[in-house]
1. What is the projected area of the convex hull of the Cα atoms of the stretch 109-221, averaged over all directions, in nm²?
2. Picking from 154, 223, 297, which is most flexible by a Gaussian network model of the chain using Cα springs under 10 Å?
3. In whole percent, what relative contact order does the chain give with Cα contacts below 8 Å and a gap of six or more residues?
4. Under a cut-off of 28 Å between alpha-carbon atoms, report the lysines in cross-link reach of residue 5, not counting same-chain residues fewer than 8 places apart.
5. With +1 on each Lys and Arg Cβ and -1 on each Asp and Glu Cβ, and nothing else charged, work out how big the dipole of the chain is about its Cα centre, in Debye to the nearest 20.
6. What number, in nm² with one decimal, is the all-direction average of the projected area of the convex hull of the alpha-carbon atoms of the chain?
7. Please report the carbon-and-sulfur percent of the accessible area for the stretch 169-298; probe 1.4 Å, protein heavy atoms only, DNA, RNA and ligands left out.
8. When every alpha-carbon pair in the stretch 105-174 is counted, what percent end up more than 14 Å apart?
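The values are calculated or read from the model by the stated rules, or taken from the named source; none is laboratory data. Here the structure is a predicted model, which is why all the values come from computation and not from measurement. Here Cβ is always computed from backbone atoms with ideal geometry, including for glycine, and neighbour counts include all displayed protein chains. These area figures cover heavy atoms from the full protein model, side chains too; ligands, DNA and RNA do not enter into them. Shrake-Rupley method; radii C 1.70, N 1.55, O 1.52, S 1.80 Å.
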Amino acid sequence: MKEIKLFCPATIANLSCGFDVLGLCLDNAGDEMIVRKVDQKGVRITKIVGADLPLETEKNVSGVAALAMLETLDELDFGFEIEIYKHIKAGSGIGSSAASSAGAVFGINELLGRPYSRKDLVQFAMQGEKLASGNAHADNVAPALLGAFTLVRSYSPLDIIRIDSPEELYATVVHPQIELKTSDARSVLKQNVSLKSAIMQWGNVGGLVAGLYTKDYDLIGRSLHDEIVEPVRSVLIPGFDQIKQTAYENGALGSGISGSGPSIFALSKGKETAEKIAKAMSDVYEKMNLPYEIHVSKINPDGVRIL
């Protein structure tokens, strides 16, 4: 196999209560990528369509992730070319950089005969995230590679748990067309939190994980609450409170900021409810005259996949 074409999925990170540790994989929103084995050594990005991103390997998240992986292997007498077809906008809050990072390492791993497991690949994809945001977080790249929901139990050593999604769980994500850089959204966060807030937060993380395992939709909904990050970040997102309230009024289990924003997600039981929420969210931004994109998606159980 000399060439591979991939679907690199969008993801929702944090999920209200799980800042930097929880994420889920979307099914119908994502980028496409072609990874090709070539005679010239190293990694080259030869084409990017749909976004104005650097082609220089060391300045592109997919290049950095790929190099991090190749550094751990014996020197190869061939190299790789990467073509990226972006559909996820940078700074959208649904894992644009993670999709590119995850796709690159997955594709190269396949062409090399899978020396690494999908879980092993997370550590390399994280290096792409470090370039994008200044922080090597795994809450987007883990679900992008493993599918379903993922929990980062520990970063040192890296310990990631994949959690299956209840069958009827759907995500609705609206992206108001403003760019919010992850690094900017991180700059507003407080470095210390009160014990009272921390207790509420870890109670909700436990509740959400328990709800996923027991397929208890009401428990999932009760647990989608953010005591720490959302109060300071939501002010950066136009119409946030109204969108969230509208989601609840139309049957959402819970709603919050997707990743670092500005996208806003809602989880719901059943496609019909998810689409009703999408319509209601759209109406809010229509009235504000704010351009937006909207996605309704099942939870993707597979992660990055070969097309």
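1. Values: hull surface 39.3 nm².
Its Cα hull, projected and averaged over all orientations, spans 9.8 nm².
2. 154
3. Numbers: 757 pairs, mean separation 74.1, N = 307.
Value for the chain: 24 percent.
4. Partners found: 37, 41, 47, 59, 86, 89, 119, 130, 298.
5. 160
6. Its Cα hull, projected and averaged over all orientations, spans 14.9 nm².
7. Using a 1.4 Å probe with all protein chains present, the stretch 169-298 comes out at 52 percent carbon and sulfur.
8. On the way: 1520 of 2415 pairs.
Every Cα pair in the stretch 105-174 considered, those over 14 Å come to 63 percent.
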